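Taken together, the values in this text are just the output of simple stated rules run on the coordinates, not laboratory data. In this text, all values refer to a predicted model and were calculated from it rather than measured experimentally. Cβ atoms come from the backbone with ideal geometry, glycine included; neighbour counts cover every protein chain shown.
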Amino acid sequence: MLLHDVQARVRIAMTSTLINEWGLFTPRTGTSAPSERSIAFHLGWSLRPMFDESWDMDCDYERSGAAQEKSLAFGSGVHRAPDLIVHRRGRLGPEDNLLLVALSADFASDTDSPDINAVRAVQLRYGYRYGVWVDLQLQEDGLEGRVKPRWQWTTLEEGHVTAEPEPVYNTAEMNSITNQLRLLYVG
């Protein structure tokens, strides 16, 4: 599967997740902010139908205690498993490890949040063909909230695809999604 195919599928799943689970992204839906784990679950749920049944989708998968390995330390050394992986359980190598996803919600100053270098380290350790760091940039914006996702991709063979994170959606696309959300949820 080519990078642009995987990117398109992740983008479609992200759009579906934003629209169908908007309450997860709004700042005042409860007493705490949404976690990357919750967001990854819903992203995986939206992504699952886009891959054939030979691929497994997991938000938390330990390979014989691998979550304790230093190679899984994102940020300042906190051991945190990838937020979402597309793989074939029980197999190793790039033909069976397709995608590694790490999410950041609204932790621009949080040193425990992953970045593309942390994603790359885990990608190299386990042989994932593609890795992506998604920074959702969740912000309070009145009662509605705001999300402006950026992503940065890496491939096993070539490394970083771009030097800096790029917007997942252009301004017109993000405005269209936001307008749909306002109609659906705000009234």
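Here each label is just a point 7 Å from Cα along the line to Cβ, and for Ser176 and Leu3 those points are 2.5 nm apart.
For Glu164 and Ile12, the difference between the fully extended length at 0.36 nm per residue and the C-alpha to C-alpha distance is 52.6 nm. Amide H contacts for Ser104 (H built 1.01 Å from N in the peptide plane; partners 5 or more residues away or on another chain; cut-off under 5 Å): Val134, Asp135, Leu136.
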